[in-house]
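Colleague: Following this message is one structure expressed as structure tokens.
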Amino acid sequence: MKNVIAFAGSNSKISINKQLAVYTSGLLKDVEVTILDLNDFELPIYGIDHENKVGIPEKAQDFLNLIQTSDGIVLSLAEHNGSYASVFKNIFDWMSRIDKDVWANKPMLLMSTSPGGRGGASVLETAKNTFPHLGGNIVSSISVPSFYDNFNDGKISNKEIKANIDECVLNLKEKL
């Protein structure tokens, strides 16, 4: 059975991006899904001085191992001031010091959402432009605007967005 990891680029305990990643990964049939939480991978802030003095933290290697041993990735990025949340950027930076092909060419469904009308579109575009240079194999991407208007009772309530997510899930499933 194929194994997909799903996580949010956020450390919020009530992350809407984690809710979206969990919901979306749950649509994958006949696939084992492992939900990851960045809170389980706390790391010191990346800096070359720290790396030279202490080395690379074990939890960064652990997270990278989970990516490398998976068959695919569902990632929903939180947007902070138009970019990655600092917790995501930090683990991303640490992993890139271990292996430049962070995403290991695994098929990836890349998403973002926010309470606003743009749905994290800025961070999604940044990731779509950056990840391919670091082993990212983005097979589908989607931005979900106005999360609280379009996600109710643990699922997408907007029919058009639901159809788009279903198509993204199908694309990922075909690439696993």
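Colleague: Taking the square root of 5 times each eigenvalue of the Cα gyration tensor, what semi-axes in Å does the equivalent ellipsoid of the chain have, largest first?
Modeller: In descending order, the three semi-axes are 26, 18, 14 Å.
Colleague: Report the FRET efficiency, 1/(1 + (r/R0)^6), for Arg118 and Glu174, where r is their Cβ-Cβ distance and R0 is 25 Å, rounded to 0.05.
Modeller: 0.30
Colleague: Can you list residues whose amide H is under 5 Å from Gly9's amide H, if they're 5+ apart or on another chain and H is modeled 1.01 Å from N?
Modeller: Ser76, Leu77, Ala78
Colleague: Within 10 Å of each candidate Cβ there may be at most 13 other Cβ atoms; applying that plus a DSSP loop requirement, which GluC sites (Glu not before Pro) in the stretch 1-53 survive?
Modeller: Filter output for the stretch 1-53: Glu42.
Colleague: In addition: Once you put a point 7 Å from the Cα of Ser86 and another 7 Å from the Cα of Thr126, both along the Cβ direction, what distance in nm separates them?
Modeller: Roughly 1.3 nm, to one decimal.
Colleague: Pop out the ³J(HN,Hα) list for the stretch 117-125 in order, Karplus 6.51 cos²θ - 1.76 cosθ + 1.60 with θ = phi - 60°, rounded to Hz; leave Gly and Pro as x.
Modeller: Taking θ as phi minus 60°, the curve returns x, 8, x, x, 4, 5, 5, 4, 5 Hz for the stretch 117-125.
Colleague: Continuing with this model, one more query. With a cut-off of 8 Å between alpha carbons and a minimum separation of six or more residues, what is the relative contact order of the stretch 1-100 in percent?
Modeller: Rounded, it is 40 percent for the stretch 1-100.
Colleague: Shifting gears a bit: On a 18 Å Cα-Cα criterion, which of the cross-link pairs Lys89/Lys128; Lys2/Lys106; Lys59/Lys89; Lys2/Lys29; Lys2/Lys89 come out too long?
Modeller: From the list (Lys89/Lys128; Lys2/Lys106; Lys59/Lys89; Lys2/Lys29; Lys2/Lys89), the Cα-Cα distance tops 18 Å for Lys2/Lys89.
Colleague: For Phe147, Phe7, which order do you get if you count the other beta carbons within 10 Å of each Cβ and list the fewest first?
Modeller: Lowest to highest Cβ neighbour count: Phe147, Phe7.
Colleague: Let me ask another. Using the crude model of +1 on Lys and Arg Cβ and -1 on Asp and Glu Cβ, and no other charge, please compute the dipole size for the chain relative to its Cα centre, in debye to 20.
Modeller: Dipole about the Cα centre, nearest 20: 240 debye.
Colleague: Among DSSP bridges having both ends in the chain, what percentage is antiparallel? Round to the nearest 5.
Modeller: Taking every DSSP beta bridge with both residues in the chain, the antiparallel ones total about 15 percent.
Colleague: I would also like to ask the following. Rank the residues Leu64, Leu77 as a footprinting-exposure proxy: fewest other Cβ atoms within 10 Å of their Cβ go first.
Modeller: Going from least to most buried by this count: Leu64, Leu77.
Colleague: Show that you can apply the helix-only estimate: for the chain, add -39,500 (n - 2.57) for every DSSP H stretch of four or more residues, divide by all residues, and state [θ] at 222 nm to the nearest 500. Show your work: numbers first, answer last.
Modeller: On the way: 7 runs with 73 residues, N = 176.
Theoretical 222 nm ellipticity from helices: -12500 deg cm²/dmol.
Colleague: Full extension from Glu167 to Lys2: what is 0.36 nm times the residue separation minus their Cα-Cα distance, to one decimal in nm?
Modeller: Extra length from Glu167 to Lys2 when fully extended: 57.5 nm.
Colleague: Considering amide H positions built from the backbone, and no H for Pro or chain starts, which residues 5 or more places from Asn137, or on another chain, come under 5 Å of its amide H?
Modeller: Excluding prolines and chain starts, which carry no amide H, the hits are Asn105, Lys106, Met108.
Taken together, the values in this text are just the output of simple stated rules run on the coordinates, not laboratory data. Quick caveat: nothing in here was measured; it's all calculated off a predicted structure. Note: ideal-geometry Cβ built from the backbone for every residue, glycine included; neighbour counts use all protein chains shown.
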